[in-house]
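Presented below is the structure to which this report refers.
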Amino acid sequence: MFRWIGRQSYRYRWWVVACWLSLFLVTLPALPRVSGALEVGGFSSPHTEAARARDLLAREIPEYSPTSLIVLFSHPTLRPEDPEFIAQAHRALSQLSTIPEVDGISWFDQNPGQIAPDGSLAYALVRIDLPPEESQRLKDDFERLIVPTELEVRLAGSPVFYADLETVTERDLRRAELIAFPFALGALVFVFGSLIAAGVPLAIGGVSVAIVLGLVYALTRVTELSIFTLNVATLLGLGLAIDYSLFIVSRFREELQHGSVARAVEVTTATAGRAVFFSGLTVLIGLSGLGFFEFLFMRSVGIAGVLVVVVAVMAALTFLPAILGLLGHRINALTVLRRSAETGAFWIRVSNAVMAHPWRVAIPVIALLLVLGAPFLHVRLSSPDATILPTTTPSRQAFERFRAAFGDGAISPIIVAVESERPVNDPQTIAALYDLARRIAADPRVTRISSIVTIDPRISLGQYQLLYAEPSLIRDPVIASVYRQLAGQHVAAIYVYTDALPASDEAKALLQTIRAMDPGSGLRMLVDGGTAEIVDVVDLMYSEFPYAALTVVIATYLVLFLLLRSALLPLKAVILNALSLTASYGALVFIFQDGHLSGLLNFQPLGFIEASLPIVMFCVLFGLSMDYEVFLLSRVREAWEQTGDNRLAVATGLARSGRIITGAALILVVVAAAFVSADVVLIKALGLGIGLAIALDASIVRILLVPATMRLLGDWNWWAPRIVLRLLPERGLEH
């Protein structure tokens with residue numbers, strides 16, 4: 001089949017090139033619109049307890065809003081208690097009520113808890129009737145409608161966080177592309193020595209990325225996709241398309257020495273093209289593991305990855321052979337570096353040295369990878385917040401100002417949703433809420449409580465019961481406002497504040513304590529808030545991860561078994577992949593959680609690893625690492641079928657593929673490293689993790705561990721149950 005594809009691609013080469021270029025031109029108008037069609041966020045799920053609590057509060061409490069804009073006010077001389085300060089603050093936000101999605105404003109002059117203890121800052125909460133991810137489209141309206149006064153005004157909260165995240169993500173992508181293309185071209189010139197040979201893979205990569213982004217834009221018409229799809233599609237699209245083109249072009253130049261252009265195209269597609277197909281299949285399997293997760297961010301990465309693989313493989317099997325057919329011997333034109341013919345002498349020496357002492361090589365290398373992975377033993381997983389943005393963004397600056405004035409936990413309290421069988425204003429319900437609020441407040445980790453039964457410590461239980469006997473008749477405007485915002489017919493909310501950040505161990509322990517409490521007879525309790533969202537999301541992600549990982553591993557094993565007709569080589573590949581992945585996990589914790597090299601890489605340590613990152617890296621890297629395994633073992637298998645000598649086959653296979661695998665890995669590392677320049681820490685970590693894992697995999701794993709383990713296994717490398725072999729084709733699928 002692959003030989004036929006190569007033959008047809010050469011025969012109709014002008015038509016094939018025209019079709020691909022037409023598709024490329026059709027996608028160009030959509031490219032500027034892609035980012036605007038994508039969604040920010042995507043790290044939450046509607047099936048967590050935190051989400052159910054939010055839905056309950058939104059459904060039952062008339063003035064509860066799922067999203068709030070935090071407006072910070074400060075002045076060098078005026079204090080928040082001063083009438084002039086209050087008047088100017090009200091004037092500043094006087095126009096916001098014209099925005100239909102604004103439900104109301106909670107003012108600091110009605111709630112002393114919204115004034116910083118040192119009096120340096122006060123804030124108003126603008127309630128927005130939109131999910132947090134959608135509220136970012138209102139940012140420009142908020143900034144336009146705020147009336148200038150003498151007060152300094154800063155904006156924080158979901159609307160500005162998500163708007164800044166979208167802006168910074170787009171900027172990161174443009175910067176990464178500017179870095180990746182010239183460095184990738186330099187690496188290709190180094191590998192091939194010819195500008196034409198170097199330019200062809202880069203052109204294929206650019207066309208492939210453009211088409212993938214066009215397909216992503218088309219998909220946004222029917223489903224939601226995360227803004228991070230842009231970065232992932234570009235990173236994987238450039239990396240895979242250039243990698244596959246590199247292998248095809250390299251084999252084509254080799255085959256040109258032995259026959260006509262038509263024959264070279266045909267043989268290249270039948271050999272390297274077949275390997276590209278199975279490599280793409282392994283990457284596709286890895287990325288499809290993300291389909292097990294319901295989180296928009298992870299599902300979007302999976303969808304983008306699948307599109308990238310399909311387009312990259314199709315381009316490598318059709319578009320590239322057609323271009324090579326048009327270029328012919330001109331593929332070697334514009335030589336700038338004279339490269340000696342690839343004899344593989346260096347790789348033969350290395351592999352023979354390794355196989356002469358396999359245990360002495362394997363044990364230290366495995367020990368090194370395990371040591372590199374050791375920091376992952378103390379990993380702390382969390383969901384992203386404003387700290388993933390650079391300190392130069394306005395929302396991050398406002399967030400830090402808020403933290404400094406009110407404490408780490410003030411911006412994201414624990415929210416307890418209490419549902420009652422009786423009406424909330426029933427005396428028994430008020431008594432139960434009164435008792436529950438005071439039990440929570442008694443915890444030393446709690447700094448303050450906000451609820452309908454903790455408005456003023458001078459008010460007794462009996463007075464609260466009398467006060468709420470008829471909520472519509474409450475005369476005090478402050479108490480009436482608090483009741484409308486925190487209570488409905490059968491539901492009441494209790495806001496619990498602490499000094500700890502939502503992702504801290506202290507906040508998580510407090511959450512566990514609160515969830516273990518008995519709310520009282522006739523009451524049911526659900527807990528929301530930043531800490532609850534983090535805990536619930538992490539638990540849900542990693543309850544699904546084993547099934548995704550097992551499916552990816554089994555499917556990859558079966559594909560490699562079919563390709564190599566071996567029962568042990570696929571198992572060895574899975575184990576070696578796990579080792580290189582573990583090492584990159586450890587590096588992520590060492591750098592991004594513990595903060596080492598933060599100055600060099602220009603970021604502030606998070607103190608945690610974003611929860612989805614290890615899962616995304618597993619699914620992406622499991623397939624990418626198999627790329628090199630497939631190309632290497634394909635050549636080893638080819639040599640073994642010719643010689644029947646395991647040691648000679650390993651040396652020959654490494655000699656034939658060593659330079660090109662190293663070059664391909666170098667290019668993928670360069671592309672991934674370009675994303676280390678990102679300002680969003682999540683993208684920076686993903687780029688570094690992928691680049692480091694590929695570098696380890698293509699160096700010490702492929703050059704040292706693979707020959708050592710294959711020497712130790714000997715002829716067992718090629719063993720498979722005879723009953724299974726009878727069901728397979730007589731020759732290996734890669735033959």
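Given +1 at the Cβ of Lys and Arg, -1 at the Cβ of Asp and Glu and no other charges, the dipole of the stretch 157-250 around its Cα centre is 180 debye to the nearest 20. With a Förster radius of 25 Å applied to the C-beta separation of residue 428 and residue 456, the computed FRET efficiency comes to 0.70. Distance between the C-alpha centres of the stretch 460-479 and the stretch 199-227: 59 Å, rounded to the whole angstrom. Between 654, 21, 529, the Cα set farthest toward the positive side of the dipole of the chain (charges on each charged residue's Cβ, about the Cα centre) is that of 654. Straight-line reach from residue 572: taking Cα to Cα under 17 Å and skipping same-chain neighbours fewer than 8 places apart, the aspartates and glutamates in range are 627, 629, 697, 715. Between residue 18 and residue 171, the C-beta separation translates, for a Förster distance of 41 Å, into a calculated FRET efficiency of about 0.70. Here residue 508 is the anchor, and the lysines within straight C-alpha reach of less than 28 Å, apart from those fewer than 8 places off in the same chain, are 684.
Across the options 666, 451, 567, the greatest Cα extent toward the positive end of the charge dipole of the chain (unit charges at beta carbon of Lys, Arg, Asp, Glu) belongs to 567. Which value, in nm² and rounded to one decimal, describes the direction-averaged projected area of the C-alpha convex hull of the stretch 403-534? Here the figure is 7.8 nm², rounded to one decimal.
Note on the chain: helix-only mean residue ellipticity at 222 nm, from DSSP H runs of 4+ residues weighted -39500 (n - 2.57) and normalised by residue number, equals -19500 deg cm²/dmol. Computed from the C-beta positions of residue 505 and residue 84, the FRET efficiency with R₀ = 51 Å rounds to 0.75. This model, with +1 at the C-beta of Lys and Arg and -1 at the C-beta of Asp and Glu, gives the chain a dipole about its Cα centre of some 3800 debye. Between residue 47 and residue 368, the modelled label-to-label distance comes to 4.3 nm, taking each label 7 Å out from Cα in the direction of the beta carbon. About its Cα centre, the dipole of the stretch 403-534 is roughly 160 debye, where the only charges are +1 on Lys and Arg Cβ and -1 on Asp and Glu Cβ. Be a star and scan the stretch 676-704 for residues whose amide nitrogen sits under 13 Å from the point 7 Å along the Cα-to-Cβ vector of residue 604. It comes to 681, nothing else. In nm, to one decimal, how far is the residue 25 label point from the residue 539 one, both placed 7 Å along Cα→Cβ? Simple spin-label model gives 5.7 nm for this pair.
The residue list 613, 365, 111 was ranked by how far each Cα lies along the charge dipole of the chain toward its positive end, using unit charges on Cβ atoms, and 365 comes out on top.
Diffusion coefficient (Stokes-Einstein, Kirkwood radius over C-alpha pairs, 4 °C, 1.567 mPa s) for the chain: 46 µm²/s, rounded to a whole number. Reported value for the stretch 611-685: 81 Å³ per residue, from the convex hull of its C-alpha atoms. Using 0.36 nm per residue and subtracting the Cα-Cα separation, the extra length available between residue 478 and residue 377 on full extension is 31.4 nm. Extension gain for residue 144 to residue 439 (0.36 nm times residue separation, less C-alpha to C-alpha distance): 101.8 nm. Helices assigned as whole DSSP H runs in the chain whose Cα atoms extend at least 24 Å along their own long axis and whose mean Kyte-Doolittle hydropathy is 1.6 or higher are found at 195-219, 296-314.
Can you give the log10 of the normalised intensity I(q)/I(0) at q = 0.15, 0.20, 0.25, 0.33 Å⁻¹, computed with Debye over equal Cα scatterers of the stretch 607-652? Treating every Cα as an identical point scatterer, log10 I(q)/I(0) equals -0.53, -0.66, -0.81, -1.02. In terms of Cα atoms, the Rg and Dmax of the stretch 292-415 work out to 26.5, 70 Å. When you count the other C-beta atoms within 10 angstrom of each residue and take the mean per peptide, 571-583, 137-149 line up highest first as 571-583, 137-149.
Over the Cα atoms of the stretch 61-162, the radius of gyration divided by the Kirkwood radius equals 0.95; this is the Rg/Rh ratio.
Extending 7 Å from the Cα toward the beta-carbon at both residue 190 and residue 326 defines two label points whose distance is 3.0 nm.
Extension gain, residue 597-residue 357: 0.36 nm per intervening residue step, less the Cα-Cα distance, totals 82.8 nm.
When only alpha carbons are used to place a centre, the stretch 698-716 and the stretch 543-595 end up 17 Å from one another.
In terms of surrounding Cβ atoms within a 10 Å radius of their Cβ, 379, 416, 153 rank from fewest to most as 379, 153, 416. Pairwise alpha-carbon distances in the stretch 198-303 exceed 20 Å for 49% of all pairs.
Quick note: the coordinates plus some simple rules give every number you see, no bench work behind them. Being a predicted model, the structure only gives us computed values, none of them experimental. Reconstructed Cβ throughout: ideal geometry from the backbone, glycine too, with neighbour counts over all protein chains shown.
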